[in-house]
Amino acid sequence: GGRGGGGFGLFEALLGAAGPQGGFHQPGPRPMRGRDVSMQMDLGLREALMGTERQIRYRLSGDRDPRTTKVKIPAGARDGSRIKLRGKGEPGAAGGPAGDLYLDVKVAPDPVFRLEGGQLHTEVPITLYEAALGATVEVPTLDGTARIAIPRGTRGGQRFRVRGRGAPRRGRDDPGDVIVTVRISLPETMSDEFIQALERLREEHPYDVRPTT
């Protein structure tokens with residue numbers, strides 16, 4: 001019939017919606033990106049600061065067996081840093097891309113160093129003789145050891161700086177410093193002769209470190 005343009009338009013629209021074989025085309029599900037996944041990664045302080053490579057195991061929803069992948073930890077990672085592994089998260093739906101896997105870095109305390117404000121701090125014991133007479137002693141660094149001069153008359157708690165042997169700094173080629181605090185340590189066991197020598201020194205060379213005000 002040709003009574004009214006509305007009927008012809010509807011007929012034309014129906015024909016246009018038909019597929020090549022005459023059937024109607026039903027649009028499929030829209031591609032959806034997979035869900036992001038996060039997990040904690042435990043690192044030692046030296047690993048985090050110097051960088052390392054790890055193989056990790058993790059599971060996604062529906063996995064019967066854990067997955068493994070290699071991760072390169074960049075030098076200079078800090079506690080709370082986040083490392084992104086693109087496409088390692090949950091798979092997408094209907095051809096959509098996979099999500100990402102985020103590794104939240106947790107740095108364990110180190111027995112030698114502590115990180116404060118971008119500088120590495122460590123404590124080194126010295127003998128009473130080294131403090132009084134001066135000496136050259138070895139101190140730890142991230143990549144080995146360094147030697148520092150202890151001047152005559154050094155007091156416990158004094159700090160010394162080893163430049164450029166500390167933690168890597170992001171965006172800079174030069175690493176930070178190592179701050180060494182010296183602690184005067186007496187022998188674990190003191191012989192009678194040692195005690196008598198100290199008593200003679202006290203009598204012959206007395207001095208007051210707590211002057212009255």
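The values are calculated or read from the model by the stated rules, or taken from the named source; none is laboratory data. This is a predicted model, so every value here is computed, not measured. In this analysis, Cβ positions are derived from the backbone assuming ideal geometry, glycine residues included, and neighbour counts consider all displayed protein chains. Please note that ligands, DNA and RNA were not included when accessible areas were found on the heavy atoms of the full protein model with its side chains. Shrake-Rupley method; radii C 1.70, N 1.55, O 1.52, S 1.80 Å.
The table for this structure:
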{"read-out": "Selection status of Ile126, surrounded by 12 or more Cβ atoms within 10 Å (Cβ to Cβ), over 30 Å from Thr189 (Cα atoms) and among the β-branched types (Val, Ile, Thr)", "value": "no"}
{"read-out": "Residue in segment 88-101 that is open to solvent by 50 Å² or more (accessible area, probe 1.4 Å), among the acidic types (Asp, Glu), under 30 Å from Ser61 (Cβ atoms) and out of contact with any helix residue (DSSP H, G or I) (no Cβ under 7 Å at 6 or more places or on another chain) present", "value": "no"}
{"read-out": "Residue in segment 154-175 that is at pLDDT below 90, touching a Lys or Arg at 6+ places or on another chain (Cβ under 7 Å) and open to solvent by less than 100 Å² (accessible area, probe 1.4 Å) present", "value": "yes"}
